[in-house]
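The values are calculated or read from the model by the stated rules, or taken from the named source; none is laboratory data. These numbers were taken from a predicted model, which means no experiment stands behind them. Note that each Cβ is placed from the backbone with ideal geometry, even for glycine, and that neighbours are counted across all protein chains shown.
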Amino acid sequence: MDVANTFILGLKRAMSEQLVISIDGPAASGKGTLARRLADYYHLPHLDTGLSYRAVAYALIARGAPLDDVEKAIEAARSVDLANLDKHALSAHHVGEAASRVAVIPELRRILVEKQREFAGRPAGAVLDGRDIGTVVCPDADVKLYVTASAEVRAARRLRDIESRGGTAEFDEILSDIRKRDERDTGRSDSPLRPAVDAHLLDTSKMSIEAAFQAARKLVDETLAKRNDI
Ligand code: C5P
């Protein structure tokens, strides 16, 4: 068989096998944009797992319930439908803050993790981004990425994001929120934010999203080539 045929066969096998990519990292690190680019490139479904925690927080706020009401949080988590998350309503800055407070509840995490694992188990695989994907949700992911950036760079990104949607905010306030959120996400006892031991680290502080995408794509292609010996 000539080289071209071997390559095509390898590629076909690569396409028919499941490919799971996990992307973890702190708020506004660029992991969501990277996840969407990779999902698009490899024709995989994408799940932003942060939205599921945001959906629970949003439901509690809407019902006027405190964010540490475990019973109501569990009820809200059970009714989260991953196929029907209102990204627009859930993307508000304060909903992200509230999400990191409800995300400390272990029973709620178990319910959402189960739904996320089901999503990741699709025949083609999937790209999932969040805080505990490589460590808890998909410990056997084919490629694990951990995306970071300095708190200042992330605060500046978040501010640009808010302003581009017509909102206003103070840089110092956003920076302080981001630091508090990092503390909550890395300091909780259940599934804290941390890189999996086998994750590839990508620091996007001085990297364009295009450069981050190219670096990630190279890692995924290497994994596919190894798997298929091409
Ligand atoms: O990524 P995003 O900002 O939408 O996440 C909101 C919050 O949800 C995070 O700060 C974190 O506390 C929680 N989260 C989590 N595990 C995930 C995804 C998000 O605990 N896999």
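Which one is nearest to the chain's Cα centre (by Cα) among residues in region 191-217 that are in a loop (DSSP other than H, G, I, E, B) and closer than 25 Å to Ala92 by Cα? Only one residue tops the list, namely Leu193. For the structure I just gave you, tell me whether Asp229 is farther than 21 Å from Arg36 by Cβ and not assigned by TED's automatic domain parsing to the domain that holds Asp24. Yes, satisfied.
State which residue is farthest from the ligand (Cβ to nearest atom) when the search covers only region 26-49 and only residues that are under 14 Å from Lys115 (Cα atoms) and outside any loop (DSSP other than H, G, I, E, B). That would be His46. For region 112-126, filtering for residues that are aliphatic (A, V, I, L, M) and either outside the structural domain of Leu85 (by TED's automatic domain parsing) or under 15 Å from Ala39 (Cα atoms) (or both) leaves 3. Comparison of Ala83, Ala103, Ala92, Ala124 shows that the only residue that is within 12 Å of the ligand (Cβ to nearest atom) and surrounded by fewer than 22 Cβ atoms within 10 Å (Cβ to Cβ) is Ala92.
Does region 168-179 hold any residues that are in contact with a helix residue (DSSP H, G or I) (Cβ under 8 Å, 6 or more places away or on another chain) and not hydroxyl-bearing (Ser, Thr, Tyr), and which are they? Lay out the reasoning, then the answer.
Quick first cut of region 168-179, residues in contact with a helix residue (DSSP H, G or I) (Cβ under 8 Å, 6 or more places away or on another chain) only: 168-169, 171, 174-175, 177-179.
Once the filter is applied, which keeps residues that are in contact with a helix residue (DSSP H, G or I) (Cβ under 8 Å, 6 or more places away or on another chain) and not hydroxyl-bearing (Ser, Thr, Tyr), region 168-179 yields Ala169, Phe171, Ile174, Leu175, Asp177, Ile178, Arg179.
Conditions tested, residue by residue: (1) more than 16 Å from the ligand (Cβ to nearest atom); (2) more than 25 Å from Ala39 (Cβ to Cβ); (3) crowded, with 20+ Cβ neighbours inside 10 Å; (4) not basic (Lys, Arg).
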| position | (1), (2), (3), (4) |
| --- | --- |
| Leu128 | no, no, yes, yes |
| Cys138 | no, no, yes, yes |
| Ser176 | no, yes, no, yes |
| Glu183 | no, yes, no, yes |
| Thr186 | no, yes, no, yes |
| Ser189 | no, yes, no, yes |
| Asp203 | yes, no, no, yes |
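Residues in region 159-172: is at least one among the hydrophobic types (A, V, I, L, M, F, W, C), assigned to a helix (DSSP H, G or I) and surrounded by 13 or more Cβ atoms within 10 Å (Cβ to Cβ)? Among the residues of region 159-172, at least one is among the hydrophobic types (A, V, I, L, M, F, W, C), assigned to a helix (DSSP H, G or I) and surrounded by 13 or more Cβ atoms within 10 Å (Cβ to Cβ), which makes the answer yes. A count restricted to region 114-134 and to residues that are acidic (Asp, Glu) and under 16 Å from Tyr42 (Cα atoms) stands at 1. Assessment of region 179-197 against the conditions (among the aliphatic types (A, V, I, L, M), assigned by TED's automatic domain parsing to the domain that holds Thr135 and free of Cβ contacts under 8 Å to residues at least 40 places away in the same chain) yields at least one matching residue. From the list Ala35, Ala73, Ala62, the lone residue that is surrounded by fewer than 20 Cβ atoms within 10 Å (Cβ to Cβ), at pLDDT 95 or above and not charged (D, E, K, R) is Ala62. Candidates in region 50-66 are the residues that are closer than 14 Å to Val104 by Cα and touching a Leu at 6+ places or on another chain (Cβ under 6 Å); of these, the one that is nearest to the ligand (Cβ to nearest atom) is Arg54.
Close contacts from region 87-100, counting a first residue that is under 19 Å from Glu170 (Cα atoms) and a second that is outside any helix (DSSP H, G or I) and within 9 Å of the ligand (Cβ to nearest atom), with Cβ to Cβ under 6 Å and a gap of 6+ residues or different chains, come to none at all. Among the conditions (1) in contact with a strand residue (DSSP E or B) (Cβ under 9 Å, 6 or more places away or on another chain); (2) of a type in the set (Lys, Arg); (3) near the ligand (Cβ under 10 Å from one of its atoms), Lys144 misses just one, which is (3).
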